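Reviewing the structure listed below.
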Amino acid sequence: MTLNDCYIRRGIWHESIPLPNTPGFDVVGTIVNMGVEAEAAGYDYGEAVACCCRTGGNARYIRLHYSDLCSVPGNVDSAQAACVISTYMTAYQALHRCKPRGPRETLEGSNIRITAGNYPVAFSYTYL
């Protein structure tokens with residue numbers, strides 16, 4: 001259980017999440033059921049996938065949208081995949097918080113340095 005899960009259970013999370021809920025932000029598992037769109041996107045039954053979700057990551061089964069999933073190569077351990085997903089989300093969120101707010105402004109062509117991106121709290125970003 002992560003610190004974020006504890007915040008949700010105590011009711012001090014920045015968003016209102018109805019209780020009871022199943023905790024867990026990181027999901028690594030295999031596809032046991034899917035819709036036509038996921039199949040058309042190239043996913044297959046039994047394929048190892050990973051995802052970050054708001055809640056429900058500790059459930060035995062979870063329903064997720066296929067666009068939120070990423071494939072996990074067969075030689076990657078589930079624990080390693082969960083750590084990579086968590087680390088990736090930190091950098092991803094940092095980039096989305098620093099992006100320009102205008103409708104046509106992007107970070108394309110910018111050099112960005114993210115430091116301490118391996119820890120969900122201690123990150124910083126700077127435009128170079």
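The values are calculated or read from the model by the stated rules, or taken from the named source; none is laboratory data. Because the structure is a prediction, the values reported are computed rather than measured. Glycine also receives a Cβ, built like all others from the backbone with ideal geometry; neighbour counts cover every protein chain displayed.
Below, the figures for the structure above:
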item	result
Looking only at the stretch 62-94, and only at residues there that are in contact with a Phe, Trp or Tyr (Cβ under 7 Å, 6 or more places away or on another chain) and modelled with pLDDT under 80, the one that is nearest to A41 (Cα to Cα)	T90
Scope the stretch 51-90; condition charged (D, E, K, R) and either assigned to a helix (DSSP H, G or I) or more than 12 Å from the chain's Cα centre (by Cα) (or both); matching residues	R60, R63, D68, D77
Residues of the stretch 26-50 that turn out to be within 21 Å of G74 (Cβ to Cβ), in a loop (DSSP other than H, G, I, E, B) and not charged (D, E, K, R), as a count	9
The stretch 1-30, subset among the aliphatic types (A, V, I, L, M) and crowded, with 16+ Cβ neighbours inside 10 Å, residue modelled with the lowest pLDDT	I8
Scan of the stretch 43-65 for residues that are of a type outside the set (G, A, S) and farther than 25 Å from P20 by Cα, ordered by number	Y43, D44, Y45, E47, V49
